Structure formats: C-alpha cells, structure tokens
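The values are calculated or read from the model by the stated rules, or taken from the named source; none is laboratory data. All figures in this text were calculated on a predicted structure; none of them were measured in a lab. Note that each Cβ is placed from the backbone with ideal geometry, even for glycine, and that neighbours are counted across all protein chains shown.
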Amino acid sequence: MSKVHGEDGNFHQTDANGNKHIIVDPITRIEGHLRIEAVIDKDNTIIDAWSSSTMFRGIETIVKNRDPRDVGLMTMRICGVCTGTHYQRSIEAVEDAFNITIPKNARIVRNLIQGSLQVHDHFVHFYHLHALDFVDIISATTADPKATAKEAVKWAKVAGTTPYMSGATEFKNIQDRIIKFAKEGRLGIFGNGYWGNKGYKLTPEQNLIGVAHYLQGLDVQRRMSKMHALFGGKSPHPQSIVVGGVTCVQDIQNPARIALFQELLRETTDFVKRAYMPDIYMAGTAYAAEATDASQSFHGTKHKGTLGKGIGGSGGGLLSYMSYGDFRLDDTGFYNSALFLPSGLVLDGDITQVHELNEDKITEDVTHSWFEGTGAPEHPYVGTTIPEYTGLDKRDDGYAYLKTDGKYSWIKSPLYDGRKVEVGPLARMVVGYVKGDETITKYVGNFLKQSGLPITVLFSTVGRTAARAIETEMIADAMQDWAAELASNAAHGDLSTWTEFDFDEVSKDCRGRGMAEAPRGSLGHWIVIKNGLVENFQAVVPSTWNAGPRGPNGEIGAYEASLIGTKVANPEEPLEIIRTVHSFDPCIACAVHVMDTNGKELAVYKVDPTCAF
C-alpha cells in the first residue's frame, strides 16, 4: 500500500491548532508516480491538499522535427496502459491538419479499438486497482460461503440479472485459498493492505464476493485484451491506425475474425453485467452514507448550485465537468459528427444547462509547475515544455515537503476559460445526462432506479466509481452494434479502409488537433506542421486536468478539491485518501526525472530531440 511519511504517529509540521501535515508518497495501484500532501484537523477532516507528480514527461520535445505521420507511434509511448488512445489522438490531429476524412470502415474499426480499450481499462481499474479500497480481503476469511451465495443472488437481482458466481462451494474454495495464504504469511501483493480499517464498510460475505470477482477478473481481462489486439494488431501499443485510415484490411474481409471479436465481446459483456454491475450496486449501497454526506464535500454547505446547499458528498470535488465527446457515429468529419459520448460542460453543480465546448478557451498554466513560464496561460498550439525544477522544501525533520506557494509538480495546470474542471467517466455521464442524451439518460436512470439512490450520490468518490461501471456497460452494449455494422459493410462489398492524400502538398504549413475521450477523461493532442515536419506538439491528458496543481490565481485542482472535506478514520492508514484519488484512475505518464520518497533527486536524464527514436 501507499507509504505515509510519519506513519509512526509523529505527523510532521503539527501546528498550534493541532492540524497535522501528512505525506502519502507514492500513491500505489496507479500508472506513474503521484504524491499527495494533506492537512488534517483535530476531527480527522482534510482541510487542505496538494497533488504532485514526481515524474517528467518529455514526449512533446521528442516529437519535434519528426515526420508527422510517425508521431502516433511515439506518443503512444506516453503510457503503457492507455496506449491506443494517444496513438489515435495524434493520428487524428495530423488528419485534421491535412483535412482528411477517413472511410466508414476505418471509423468503425477505430471505435472498436477504442471501445475495447475503454472497457478493458475500466474493468481492470475497478477490480485490480480500485476494488481493494472497498473490499477487505482479510474480512472475507470470516464469511459464511452459503450466506455469500445468497448475497450474490441478492445484488445480481438488483442489477436485473443472475450472479456470475453463485455456488457456496465455489466461494468456499476461494475462501480456503485466502485463509491458507494468510496463515502462511504469503499474502504477497495483498500483504500491506489496511485490512481491518474502520473505513471499510462491506460485510464479510460482500468482501468474499469482491475477492472472488477480483480473481475471476484476471482471466476475463485477457479476453478483453484479445479484442483490442484483433483489430489493433497487438495490445498494448496497437499498430493498425495510420494517417488516412487503418491497415487491418484482411481482418475486415475475414468474417471469422469479426465473429471472434463478437464472441469475446459477448463473454466480456456477460461478466460486466453479472459481476461488475452487481458489485457496484453492492458497494454503492454500502458507502451511500458518505457519498451523500455534504459535510464531507469540498463545497460543503456553502455551495449555491441548483441542487441546493451541500451538493455532493465525500470526494465530490469541483462539481464542474467537461467532456470533449467521443465515438463518432457518422462520416461528416472530425468535429461535425454525431457522437456516442456527447461534448460539453456542466459548471458549478448546475444541472439545468450544458455549456457548449469552445476549444479556444483551453489553456495551460505553469505557475505551480516545474516548467519555465510566468506569463499568461497558453493555448496548446503555442504551448512550450521547458523544465524548470525548483526542488522541494527540505526540513530538519528529515523529510522534503512541496513548496506549495511556488512550483510543486511536473504536471501543468490546465484551465477552461480560466477555471478548473474535472474530466473522466463521471464528467461524461453528468454532461450526457444533463444534455438529455437518450443512451446515457437510460443507463444512468436505470442505475439510480435499481439502486434506489438519489442523483446526488454521483457527486462523490462512490459516484465517480459507479459512473465508470455504467459507462463500461453502455459501451460494451454499443460495440455489438458497431461490430455488426462492420460485418454488414464487408458482406456488401465495402472494404475501403484508407483515404489517399498527397503528403508533400498537405504538409507544407498546417495545424490540427485530435480531441476525444480517453478512459480517464478528455484527451487532446495539438500539432503544428511546417515543411513536412513537426514544429510544435502539445498533449493535454486527462490526468493533467484532474491531477494538476493550483492555477495562476489559486484555482484548486480536481484531486485536491476532492480530498478537502473528507473524513479519515485513521490518519496513519489514509484509506479514504487512497480511495478518492483512485476513483479518478490516475495515469501519471512516462518520466525521465525521478525522485525518491524523501524528495532526494536520484537521476536527471536529458533527452536530445534529434537522437534516433
């Protein structure tokens, strides 16, 4: 589990009012290196928080002076988890610059590749990165397997289905394995958990269900990865998307390949509906009290949104949401198409209106980031990435603290029209629901109806986790239709996969953007091309929006806001901090600058953008 500096109880920098300053570093079960510092008052409530990435990403510098057709292959190396989505955004940015419209089959294949990634990523995040923030493994050893089987039936019924596992013998076998490992002291990756923490709310039987699905999910996620590789060529780092379309012509022509994709999708969807969704109903109900406790919200009772005072519960955060939209449903061009996931913004908890997205209002600020620049926030087209590391505040107690009044993170601070917004599955579901999108309204409405929970439950850590599951089911269902459409096109002789273009002509002087939704939220790649080479490139990724530090006027980031107001049962085991941060599914991408947990600089690597990639 994540390390807490001062875990012996000697919390550093305790002030005259008894407030404790704690450091949680590194946050584990995420992609990348993330540090959280928080101030906790006498009542164990977080009253301030700071989010910092201790990794530097220099891909923007590496791709300069390269052939723009190769950029996607480089930028997908930003991350080993959400590889395909960076790949696709860079390709789309170049296509936008070249004014290329891809064929229908290419659009569908890209949707299937992206959908496979989205479903796989959400699934793995919940079961193998986030579930143990809700599920107490050791508690499961005391469960009654027969009662567990009945509990599984109960929650599957709430979800309108039958349980994926319902046999008492099956649950007993899994329980016996856990007991054996626990007695022998061989819990492995589960050995350092905060088991027994009062922040856990599930019963022993519910915990056993969660553990069982965790283990079963290890096999199911392999099938999801196969789906991604069928049209992508491999997973991770697919290879089949190119400027102008896709290269998987033989796969489209082969009915057996499409049929295999559909079969893997059916198996995946079965687990999503019969295990994932029931588990979300179960966890949502168990944690509903804190999810609707306005006193634990960043806005608290001072909030003046249309839902009244106190909208949102523990982990609610900013209550301002943004979605670029994704999954194009027609071929009218990149930014004219109907979208399966709509675009827009919901601001300040006002669920009576959606603001249309104006990409010109997107900027990045580096006031509190380890980069050069002290002027006004910059639009990504003209943005720069020049490191300026100013270090940490090393004190007599042996620890190094963030310089929160100055620069304290390798992540920039994105702003929309000068304000901070949250991105991700919750943002997409809120924007779509408020916008009246038929599909999202149906799935979100069904979740609220079946669970009996109010809509305000969504504005919380639990709601953020539930939104990811709702979206998973929704995309999995839609992919069946997309795969059928691809099969029908091929059967009727439509095998087009690429749009021809004259590179020398279109690449003289142009710029473009690729803006869509990665699993973790709004992802944008902006590229400027001159004389056939990349002149400038900037990527503003979802975790930049969510994990970014304060803005130029003290605007608080999404992670930071979500932690303020949260009550921590045991500050020496900050389960609630881990749970809330994990609900965003952090992805703090690739680094060349690393520090240890005490703030000591281990190594600095200078990347020469002219070297061979």
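Brief remarks on what is shown
- In the set 174, 179, only one residue is surrounded by fewer than 16 Cβ atoms within 10 Å (Cβ to Cβ) and of a type in the set (A, V, I, L, M, F, W, C); that residue is 179.
- Neighbours by Cβ (under 9 Å, 6+ apart or cross-chain): first from the stretch 324-350, aliphatic (A, V, I, L, M); second surrounded by fewer than 18 Cβ atoms within 10 Å (Cβ to Cβ) and assigned to a strand (DSSP E or B): 345/355; 346/355; 347/355; 347/419
- Check on residue 423, touching a helix residue (DSSP H, G or I) at 6+ places or on another chain (Cβ under 6 Å), without any contact (Cβ under 8 Å) to a residue 60 or more places away in the chain, in the same structural domain as residue 321 (by TED's automatic domain parsing) and hydrophobic (A, V, I, L, M, F, W, C): no
- Flag not set for residue 286, criterion: touching a Pro at 6+ places or on another chain (Cβ under 9 Å), hydrophobic (A, V, I, L, M, F, W, C) and at pLDDT 95 or above.
- Within the stretch 540-570, the set of residues being basic (Lys, Arg) and at pLDDT 95 or above comprises 550 only.
Let's see how each residue does on (1) surrounded by 19 or more Cβ atoms within 10 Å (Cβ to Cβ); (2) at pLDDT 95 or above; (3) of a type in the set (Phe, Trp, Tyr); (4) in a loop (DSSP other than H, G, I, E, B):
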| residue | (1), (2), (3), (4) |
| --- | --- |
| 202 | yes, yes, no, yes |
| 208 | yes, yes, no, no |
| 216 | no, yes, no, no |
| 227 | yes, yes, no, no |
| 238 | yes, no, no, yes |
| 263 | no, yes, no, no |
| 267 | no, yes, no, no |
| 270 | no, yes, no, no |
| 273 | yes, yes, no, no |
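- Residues in the stretch 43-66 that are among the small types (Gly, Ala, Ser) and within 15 Å of residue 404 (Cβ to Cβ): 49, 51, 52, 53.
- Here residue 590 passes the criteria (1) buried (at least 24 other Cβ atoms within 10 Å of the Cβ); (2) modelled with pLDDT under 95; (3) touching a helix residue (DSSP H, G or I) at 6+ places or on another chain (Cβ under 6 Å) except the one numbered (1).
- Among residues of the stretch 156-180 that are without any contact (Cβ under 8 Å) to a residue 40 or more places away in the chain, those with a Cβ under 8 angstrom from a residue that is among the hydroxyl-bearing types (Ser, Thr, Tyr) and surrounded by 17 or more Cβ atoms within 10 Å (Cβ to Cβ), sequence gap 6+ or separate chain, pair up as 168/148; 175/141; 179/141.
- Cβ-Cβ distances below 8 Å connect the following pairs, each with a first residue in the stretch 99-112 that is assigned by TED's automatic domain parsing to the domain that holds residue 496, a second residue that is in a helix (DSSP H, G or I) and polar (S, T, N, Q), and a separation of six or more residues or different chains: 104/489; 105/489; 108/489; 110/88.
- Residue in the stretch 426-445 that is closer than 30 Å to residue 538 by Cα, part of a loop (DSSP other than H, G, I, E, B) and at pLDDT 95 or above present: no
- Among the conditions (1) crowded, with 20+ Cβ neighbours inside 10 Å; (2) over 23 Å from the mean Cα position of the chain (by Cα), residue 386 misses just one, which is (1).
- Those residues of the stretch 284-299 which are of a type in the set (Ser, Thr, Tyr) and either closer than 16 Å to residue 466 by Cβ or outside any helix (DSSP H, G or I) (or both), in sequence order: 285, 287, 292, 297
- Taken together, the residues in the stretch 53-110 that are surrounded by 21 or more Cβ atoms within 10 Å (Cβ to Cβ), of a type in the set (S, T, N, Q) and under 21 Å from residue 500 (Cα atoms) amount to 3.
- Qualifying residues in the stretch 317-329 (those that are of a type outside the set (A, V, I, L, M) and closer than 20 Å to residue 118 by Cα) - the one farthest from the chain's Cα centre (by Cα): 328
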